1. May I ask you to list the residues in the stretch 27-39 that are exposed (fewer than 15 other Cβ atoms within 10 Å of the Cβ) and either hydroxyl-bearing (Ser, Thr, Tyr) or part of a helix (DSSP H, G or I) (or both)?
2. Just to verify a result, which residue in the stretch 40-56, among those that are at pLDDT 95 or above and either in a loop (DSSP other than H, G, I, E, B) or more than 10 Å from ligand 1 (Cβ to nearest atom) (or both), is farthest from the chain's Cα centre (by Cα)?
3. Filter the stretch 1-23 down to the residues that are within 21 Å of residue 144 (Cβ to Cβ) and out of contact with any His (no Cβ under 8 Å at 6 or more places or on another chain), then identify the one that is farthest from ligand 1 (Cβ to nearest atom).
4. Among the listed residues 179, 167, which satisfies the condition of being within 15 Å of ligand 1 (Cβ to nearest atom), at negative phi and surrounded by 18 or more Cβ atoms within 10 Å (Cβ to Cβ)?
5. Among the residues of the stretch 99-116, how many are out of contact with any Pro (no Cβ under 6 Å at 6 or more places or on another chain) and surrounded by 22 or more Cβ atoms within 10 Å (Cβ to Cβ)?
6. Would you check if residue 124 is in contact (Cβ under 8 Å) with a residue 12 or more places away in the chain, buried (at least 19 other Cβ atoms within 10 Å of the Cβ) and not charged (D, E, K, R)?
Amino acid sequence: DIKGFAFDLDGVITDTAKFHTVAWRHLAEQLQVTWTPELQESLKGIDRMGSLEMILQAGGKENAYTQAEKEGFAAWKNEHYVELISDLTPDDILPGIAAFIQELNDKGYRASVASASKNAPFILDRLGLTDSFVGIVDPATLHAGKPDPEIFVRAAEILNLPPEQVIGLEDAAAGIASINGAGEVSLGIGDATVLAAADLNFANTAEVTLANIAAKLD
Ligand code: G16
Ligand code: MG
């Protein structure tokens, strides 16, 4: 029986991807790396330095900068990003998700957050959701990010549940791979072809309810 839920943040709870995109795109322009929709999609769920490496690689510049320069680029992107997310309010929670989290709290299901974002505590605070979760995995303590299973393994540990009693919610292929590797039930939100590895698929967040999940689990 399912007793807990491990939530990705960006793309599941709120759409911070649009702000990541603005900030990364700005950096890519400075570095003369061509921005493409494929590059944009591939950055979903990937941690900050990993994202920077993928952008540099896309432009054939993976060996063009020192580690110190790369850290400077990542810090510059993050400053810009934090400015963009500082105006978030509870109205920025994706459709249906506030009601779903309320439903989980009311019915005694436990919920945790498995986000690659070091800004997750700040974002949850802005959205008024901090108290709805048992805990948040601290991505700074991970050995490997998504698609490695570690982050979703830790999210189940926070819930104090075995992985098979946990549903992981994700909008990115790297995240679905992490959930599957952790031995949890994977729930993909978005394009079913991108998220083909997910156990359950929902087209958008508004469809995510306990009743709809139960119907698909049959
Ligand atoms: C999010 C985004 C990624 C971002 C990562 C790290 O992951 O999807 O694009 O690079 O967090 O964010 P930050 O730079 O704030 O630490 P998730 O796991 O919430 O989808
Ligand atoms: Mg995501």
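1. 29, 30, 34, 36, 37, 38
2. Ranking the candidates gives 56 first.
3. Here the residue is 6.
4. Values: 167 fails: within 15 Å of ligand 1 (Cβ to nearest atom).
The match here is 179.
5. Residues meeting the conditions: 6.
6. yes
The values are calculated or read from the model by the stated rules, or taken from the named source; none is laboratory data. What you are looking at is a predicted structure, and each value in this text was computed from that prediction instead of being measured. Neighbour counts run over all protein chains shown; Cβ positions are idealised from the backbone, glycine included.
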